[in-house]
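This report refers to the structure that appears directly beneath it.
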Amino acid sequence: MSAAARIELLVTSGVFALDGGVWAVDNNVWLVGDDREVIVIDPAHDADAIEQTIAGRRLKAIVCTHAHNDHIDAAPALADRTGAPILLHPDDLFLWRQTHPDRVPDTELTDGRLLAIADIELRSLHTPGHTPGGTCLYAPALATVFTGDTLFHGGPGATGRSFSDRPALVASIRERLFTLPPRTVVRTGHGETTTITAEAQRLR
């Protein structure tokens, strides 16, 4: 019998490229599952390292919180190796095509979609602002929300690049994330974790 669902973190390194600029970045790759099956959230940079962390378990889905290259660059290779579908909100398809013009995601990550893994479910929350299709994944059984680049330890994600919208991002955070239970742990796309309570206090 497998253990209960758990969260694993892999940090990978690569580059973020947009608007003609290139920056070195470390990304959080999150795995949620048990001893038999997992999903991967934001397959960044290194398909080999991600596959090693999966460690022979069944990969049920590859979920992209948004389509900036540093969150999706390893997705096709990982999908080809494992047969897992790639999920992305359709509003970010145009960004996806900048990185992967010859491959499209397999499934739309629409708002409210439920993803079952091990003994729990994750619910998608469309949170536009950082990108038009930015999406968070809320796992109530784990008291956790995976926020990609929507919300960080210290405040909202960046909105200084093309296709971002700070008022929309702040509205998404207030309306979709700050309504979650206060002790919900925020697991971000870069950097350290935080909580809904801590970030709500900062964004008063």
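The values are calculated or read from the model by the stated rules, or taken from the named source; none is laboratory data. On a predicted model such as this, the values are computed, not experimentally measured, just so you know. Quick reminder, even Gly has a Cβ in these numbers, built from the backbone with ideal geometry, and neighbours come from all protein chains shown.
Do you know which residues across segment 7-28 are in a strand (DSSP E or B), out of contact with any helix residue (DSSP H, G or I) (no Cβ under 8 Å at 6 or more places or on another chain) and not hydrophobic (A, V, I, L, M, F, W, C)? Spell out the reasoning first.
Here is the first cut: in segment 7-28, the ones in a strand (DSSP E or B) are 7-18, 21-28.
If we keep only those that are out of contact with any helix residue (DSSP H, G or I) (no Cβ under 8 Å at 6 or more places or on another chain) as well, we get 9, 11, 13, 21-24, 26, 28.
If the condition is that a residue be in a strand (DSSP E or B), out of contact with any helix residue (DSSP H, G or I) (no Cβ under 8 Å at 6 or more places or on another chain) and not hydrophobic (A, V, I, L, M, F, W, C), then Ser13, Gly21, Asp26, Asn28 are the ones that fit.
Yes/no matrix, rows are residues, columns are (1) out of contact with any helix residue (DSSP H, G or I) (no Cβ under 9 Å at 6 or more places or on another chain); (2) not in a helix (DSSP H, G or I):
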| site | (1), (2) |
| --- | --- |
| Ala168 | yes, no |
| Ser172 | yes, no |
| Glu175 | yes, no |
| Pro181 | no, yes |
| Arg187 | yes, yes |
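If I ask for residues that are on the phi < 0 side of the Ramachandran plot and either part of a loop (DSSP other than H, G, I, E, B) or touching a His at 6+ places or on another chain (Cβ under 9 Å) (or both), which ones from segment 70-85 would you list? Walk me through it before giving the result.
Of all residues in segment 70-85, those on the phi < 0 side of the Ramachandran plot come to 70-82, 84-85.
Once the filter is applied, which keeps residues that are on the phi < 0 side of the Ramachandran plot and either part of a loop (DSSP other than H, G, I, E, B) or touching a His at 6+ places or on another chain (Cβ under 9 Å) (or both), segment 70-85 yields Asp70, Ile72, Asp73, Ala74, Ala75, Pro76, Ala84, Pro85.
State all residues of segment 29-59 that are outside any loop (DSSP other than H, G, I, E, B), surrounded by fewer than 20 Cβ atoms within 10 Å (Cβ to Cβ) and not hydroxyl-bearing (Ser, Thr, Tyr); if no residue qualifies, say none.
Those that are outside any loop (DSSP other than H, G, I, E, B), surrounded by fewer than 20 Cβ atoms within 10 Å (Cβ to Cβ) and not hydroxyl-bearing (Ser, Thr, Tyr): Glu37, Asp48, Ala49, Glu51, Gln52, Arg58.
With the requirement that a residue be over 17 Å from Gly189 (Cα atoms) and either of a type outside the set (Val, Ile, Thr) or touching a Ser or Thr at 6+ places or on another chain (Cβ under 7 Å) (or both), what does segment 25-48 give you? Don't jump to the end; show me each part of the working.
Here is the first cut: in segment 25-48, the residues over 17 Å from Gly189 (Cα atoms) are 33-38, 48.
Across segment 25-48, the qualifying residues are Gly33, Asp34, Asp35, Arg36, Glu37, Asp48.
Working carefully through the options Thr131, Thr147, find the one that is under 14 Å from the mean Cα position of the chain (by Cα) and under 28 Å from Glu37 (Cα atoms).
Thr147
Suppose the filter is surrounded by fewer than 23 Cβ atoms within 10 Å (Cβ to Cβ), at negative phi and not aliphatic (A, V, I, L, M); does Thr194 pass it?
yes
Looking at segment 79-127 only, could you name the residues that are within 15 Å of the chain's Cα centre (by Cα), surrounded by 18 or more Cβ atoms within 10 Å (Cβ to Cβ) and either among the polar types (S, T, N, Q) or at pLDDT below 95 (or both)?
Ser124, Thr127
For residues that are buried (at least 24 other Cβ atoms within 10 Å of the Cβ) and not small (Gly, Ala, Ser), scanning just segment 138-155, find the one that is nearest to Leu9 (Cα to Cα).
This residue is Phe146.
Restricting the search to segment 180-193, which residues are over 19 Å from the mean Cα position of the chain (by Cα) and not basic (Lys, Arg)?
Pro181, Pro182
Could you please find all residues in segment 141-166 being part of a helix (DSSP H, G or I) and over 27 Å from Trp96 (Cβ atoms)?
Scanning segment 141-166 gives Ala141, Leu142.
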